[in-house]
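In what follows, a structure is listed as C-alpha cells, so that the remarks can point back to it.
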Amino acid sequence: DAGVTQSPTHLIKTRGQQVTLRCSPKSGHDTVSWYQQALGQGPQFIFQYYEEEERQRGNFPDRFSGHQFPNYSSELNVNALLLGDSALYLCASSPAGGGGNQPQHFGDGTRLSIL
Amino acid sequence: AQSVTQLGSHVSVSEGALVLLRCNYSSSVPPYLFWYVQYPNQGLQLLLKYTSAATLVKGINGFEAEFKKSETSFHLTKPSAHMSDAAEYFCAVSVNTNAGKSTFGDGTTLTVKP
C-alpha cells in the first residue's frame, strides 16, 4: 500500500525563480493538503484541495498556488521565490473529503532551499 | 480560530523513565486533537487521535493521551521511554467546520538518554 509520495526530495532555487512541487496521495485518499514547515517550527497550513478545487487556504500570499488532478495528485507552485520560502514542504492526504476528524497521512516532504 | 501551545520545546528523559509531553489547545468549538511524531528527514506519522469518543486515547508504540476539556489539555505520555522514541512530537487541532485543516504546535524535541 503506497503512502504519500512527494517529488523532488530536495530542491535548490534562487530568489525570483518559480518552483513546482508534486504529491501523490495515499491510495484511496481524495483530499490533499499542503503545509510549510520552517526550521524549528510546526507545519503551517497553506491550502487544501478536494474535487480539483481549492477548498480552504491558510495565511499565504497568492504567490503560492496549487492544482489537483483527476487522479487526486496535486502540485504546489510558488512564484517569485523569497529567501523566507526556504522550508520543508509537506503534502498530506486524507480520505472521504478530509473531515476534521480524519487524521492526515504525510509524505516525507520536499526540502526547498532558496539562495 | 484554533491554536496549540506545546510547553517545553525540548524534553530530556532517561531510558525507562516516564515521558510527558504537554499540549494545550484553544478552540471555540469541540476540537479534534492529534499527536504526530517526526523523525529526522521524514514526514509526520500519526501517534493517536481524539475525536470525541473516549477521553483516554491509546496510540501506537505505547503512547497514550488524555483529553481534559476543563484544562483544555491533551498531554502525551508513555510509561517507559525507549531510545527509539527520540524524535520531534507535534500536537495538532482541527475542527469539523474547517474540513480537515490542522493547526500545529511548534513541536517538542524528545531526547532519551541511555
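One residue alone among A:81, A:76 is among the aliphatic types (A, V, I, L, M), farther than 23 Å from residue B:87 by Cβ and part of a loop (DSSP other than H, G, I, E, B), and that residue is A:81. Name every residue in segment B:46-58 that is buried (at least 17 other Cβ atoms within 10 Å of the Cβ), of a type outside the set (Val, Ile, Thr) and over 10 Å from the mean Cα position of the chain (by Cα), in order of residue number. B:50 - this is the single residue of segment B:46-58 that is buried (at least 17 other Cβ atoms within 10 Å of the Cβ), of a type outside the set (Val, Ile, Thr) and over 10 Å from the mean Cα position of the chain (by Cα). Considering each residue of segment A:40-57 in turn, none proves to be surrounded by fewer than 20 Cβ atoms within 10 Å (Cβ to Cβ), in contact with a Leu (Cβ under 6 Å, 6 or more places away or on another chain) and assigned to a loop (DSSP other than H, G, I, E, B). Output yes when any residue across segment B:65-80 is in contact (Cβ under 8 Å) with a residue 60 or more places away in the chain, away from chain A (no Cβ under 14 Å) and surrounded by 13 or more Cβ atoms within 10 Å (Cβ to Cβ), and no when none is. Looking for residues that are in contact (Cβ under 8 Å) with a residue 60 or more places away in the chain, away from chain A (no Cβ under 14 Å) and surrounded by 13 or more Cβ atoms within 10 Å (Cβ to Cβ), one finds at least one in segment B:65-80, hence yes. Scanning segment B:1-27 for residues that are of a type in the set (Gly, Ala, Ser), within 14 Å of chain A (Cβ to nearest Cβ) and open to solvent by 60 Å² or more (accessible area, probe 1.4 Å) turns up B:1, B:9. Among the residues here, residue B:70 qualifies as among the hydroxyl-bearing types (Ser, Thr, Tyr) and either outside any strand (DSSP E or B) or within 25 Å of residue A:33 (Cα to Cα) (or both).
Within segment A:58-108, restricting attention to residues that are over 12 Å from the mean Cα position of the chain (by Cα) and among the acidic types (Asp, Glu), the residue that is least open to solvent (accessible area, probe 1.4 Å) is A:85.
Condition check for residue B:61 on (1) farther than 27 Å from residue A:48 by Cα; (2) open to solvent by less than 60 Å² (accessible area, probe 1.4 Å); (3) more than 12 Å from the chain's Cα centre (by Cα): one failure, at (2).
If the condition is being of a type in the set (D, E, K, R) and within 16 Å of residue A:29 (Cα to Cα), then segment A:56-105 contributes only A:75.
The values are calculated or read from the model by the stated rules, or taken from the named source; none is laboratory data. Predicted, not measured: the structure shown is a model, and the values here were computed from it. Ideal geometry is used to build each Cβ from the backbone, glycine not excepted, and the neighbour counts take in all protein chains shown. For the accessible areas, the whole protein counts, side chains as well, though only heavy atoms, and no ligand, DNA or RNA atoms are used. Shrake-Rupley method; radii C 1.70, N 1.55, O 1.52, S 1.80 Å.
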